[in-house]
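This report refers to the structure that appears directly beneath it.
The values are calculated or read from the model by the stated rules, or taken from the named source; none is laboratory data. Computed from a prediction, not measured in an experiment: that's the story for all the values here. Cβ coordinates were reconstructed from backbone atoms using ideal geometry, including for glycine residues, and neighbour counts include every protein chain displayed. When the accessible area is computed, the model is the full protein with side chains, heavy atoms only, and any ligands, DNA or RNA have been set aside. Shrake-Rupley method; radii C 1.70, N 1.55, O 1.52, S 1.80 Å.
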Amino acid sequence: MNKFRSRLLFGLVSIIVSVLIGLGLLLGQLFKNFYMDTFNERVEKEAKLLALYMESQSLENEAFQQQLDTISDTLSARVIILNDEGTILFDTRKHVSIDDDDHEKMLKALLKKEDDRSFMVEEEHEVYYYSVPFFQEGKKAGRIVLSLPVYSIQKVHEQIWMLLISSLGTAFMIILFLGIKITNQYTKPIEEATKVAMELAKGNYKARTYEHHLDETGMLSQSLNVLAKNLQDMVRTQEMQQDRLRTLIENMGSGLILIDQRGYINLVNRAYKEIFHINPSDYLNRLYYEAFEHKEIIDLVEEIFMTEVKVRKQMLLPIDIERKHFEVYGAPIIGTNHEWKGIILVFHDITELKKLEQMRKDFVANVSHELKTPITSIKGFAETLLDGAMKDEQALEYFLSIILKESERLQNLIQDLLDLSKIEQQGFKLNISVVNLTEVLQEVIVMLEAKANDKEIKLELEAEQKLFYMYGDLNRLKQIFINLINNAIAYTPKGGEVKVKVESRDDEVLVHVQDTGIGIDQKEIPRIFERFYRVDKARSRNSGGTGLGLAIVKHLVEAHHGYISVKSKVGSGTTFTVHFQKDAFQS
C-alpha cells in the first residue's frame, strides 16, 4: 500500500512540477516581452525627445555639447549623432565599452535599415543600439543613436526569474503539502481497508477497520466491517454446525462409513472403529474394496454404485472371535443438479437383539435337550430296576452308577445355568482380593493332574516368575482356568500335551492354555463362546461337558477387564490366550 501512496504522490508531484515549469516559462516570457516593450518605448521616447531638442540646437555650440554629455549621464547611455551620410558628428563615448570597429559596424547596420526607428543588439559586447532621425529647418539632418549596456536588461531578467522561481517554489511547497494531506486522507482508509481485506482472506474474521468520515472511504470502511461481521457470524454458525455434526457422527451408536464418488473412504466414525476393532489409517483414503475385509460389504457398495438406490440388508460378519449381526443401511449421496457425491453406509449392531431372539428359541430347545438325556437315562434305568433288575447285584450296581453319573451331569448343568445367569445379571460383582496368579494356576493343575494322567497327557506350567500378583476374584479365576484346562484335556488325544504358559508384555500379562488336541475349524471359532455350542458333540457329552463352560469363561474374563483370544488349526491343536491388563498386577 506504501507503493500505491508513493505512486500517487509521484504522479501528483510530476503534474505539479510540469504545470509550474510550464507556467514559469510562460510567465517569464510574458514578463520579458513586457519589459522589452516598456524598455523600447522608454528609449524611443528619450530618443525622440533628444531629436526634438536637436532641431533648435547646433553641434558647433560647446554649451550644447556639454548638455549632451549631461543628458548621456542622466540616461546612462552613449549618445551618438550621425549625419545623413553616416558620419559621426558627436559621440559622448560614455557608459558603453565597445571596440571602435564593432561600434562602427553596428552604426552602419543601423543606417542600412530603412525604418525611421530601429534597434539592434551587439551580442559580443552586450550593447543595445536604438536610432531615430532628427530634423533641422524641416529637413532630415541625420540620426540620433542611443547605446546602452545590455547587462541592465539581463539583471532585470534575472530578477524576474528569481521572483518567478521563489513564487512558484512557494506555490509548489504549498500545493505539495496540501496534496500529501489530501492523499493521506484518502489513501489511509484504503490502506486500512486493504489490510483488513488481507486478514479476511487469511481467515481472520475478527479484523476490523476504523470508520472515518461519512464519505466514500468511510462508506468503504463501514461496508468492509459489515462484511467481516457477516463472515464471522457465518463461520461461527458453520463451525457450530460442524461441531454438532461431528459430535453426532462420533457419538452415534451405529458405525458410519462415508465413501466418495471415486470409491475412496473419507470418513470412519468412532462407533465403527470400536465395533470392528480397526485402525482408521487402514481405511481412510483407501479404496473400499481394499479396506473392507468382508465380501458382503464390498458387494453391497458395488450394488449401490450400480443401481444408485437405497439398500438395507442384514449381515452376519465374523469379527475376531465373534460373529456379529448387522443391519446395514446404504444410500447414495446425490448433490444439487443430480451430481453424484458418493455413498454413506450405516452399520447397526443388532447382535444382542439377534442373540435375545435366538436365545428365546434355543433356550427351551437346548435346555430340554440337555435335560432330556440324563432324565431319560435315569428314568430308563430306574424302570429297568423296578422291572426286576434289582435282584441282580451286578446289574444293580452298574445301573445305580449310571444314574449317579447322569444325576451329577444334571446337577452340573443346572449349576452352570445358575452361574451364567448370575454372571450376566446387571449387578454382578467380583469378590476382589490380591491373588497370586501363578499359585492359582498351580492349584488348578494339581486338581486336574489326575484326569490328565488317566489319558497319559503331559500337563505342565511355564511361568517367567513365581509371583504374579493381581486384583481379582480367586474362585472365579480358578473357574476360568479349570474350564480352559479341562477342555484342553478333554479334546486332546491320549499321549498328547497340555501346556499352560504365563507371559509378560509391555502393557499386559498373557496366560496361554495350549494343547495338541483335535483343533477347531476357523469357521467354528466365532461360535465356540455361545451357549450350548459344541465343536464335537459326542466327545463333549462323553466328557460330561454342558456346553456352557466357554460362555462362562468369556464373561468372567471380561469382568476382570480382560479379553480372550483363540488360535487353532485342525489336527494340530488349539491355544486359548487370556489377556489381563498389566496395571492390575504387582510383581
Report the label-to-label distance for residue 475 and residue 431 in nanometres (one decimal), using points 7 Å from each Cα along the Cα→Cβ vector.
0.4
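Highest mean first, how do 129-135, 25-31 rank when packing is the count of other Cβ atoms within 10 Å averaged over residues? Numbers along the way, then the final one.
Details: 129-135: 20.3, 25-31: 13.1.
By packing density, highest mean first, the sequence is 129-135, 25-31.
Can you order the peptides 83-94, 315-326 by their average number of other Cβ atoms within 10 Å per residue, highest first? Working shown, then result.
Values: 83-94: 13.9, 315-326: 17.0.
Peptide ranking by packing, descending: 315-326, 83-94.
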Partner lysines for residue 94 [C-alpha distance under 30 Å; skip if fewer than 8 residues away on the same chain]
32, 45, 48, 105, 108, 112, 113, 139, 140, 155
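How large, in percent, is the carbon and sulfur part of the accessible surface of segment 11-52 at a probe radius of 1.4 Å? Numbers along the way, then the final one.
On the way: 1960 of 2610 Å².
Answer for segment 11-52 is 75 percent, counting heavy atoms of protein chains only.
Percent relative contact order of segment 263-308, based on C-alpha pairs within less than 8 angstrom and at least six residues apart?
Details: 27 pairs, mean separation 16.4, N = 46.
Relative CO of segment 263-308 lands at 36 percent.
What does the net charge come to around residue 276 if you take all other residues with beta carbon closer than 14 Å to its beta carbon, with K and R at +1 and D and E at -1?
Working: positive: 270, 273, 323, 324; negative: 274, 282, 293, 296, 320, 322, 349.
My count for the surroundings of residue 276 gives -3.
Just the number, please: Stokes-Einstein D of segment 429-581 in µm²/s, Kirkwood Rh from C-alpha pairs, 37 °C, 0.692 mPa s. Intermediate results must be reported in sequence, preceding the final value.
Values: Rh = 15.6 Å.
For these conditions, the coefficient is 210 µm²/s.
Ranking request for peptides 235-245, 304-314, 68-78: highest mean number of other beta-carbon atoms within 10 Å first, then the rest in descending order. Write down the numbers at each step before the final one.
Working: 235-245: 10.3, 304-314: 12.9, 68-78: 16.7.
Averaged packing, sorted descending, gives the order 68-78, 304-314, 235-245.
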Förster-model FRET efficiency, 30 Å R0, residue 208 and residue 18, C-beta, rounded to 0.05:
0.15
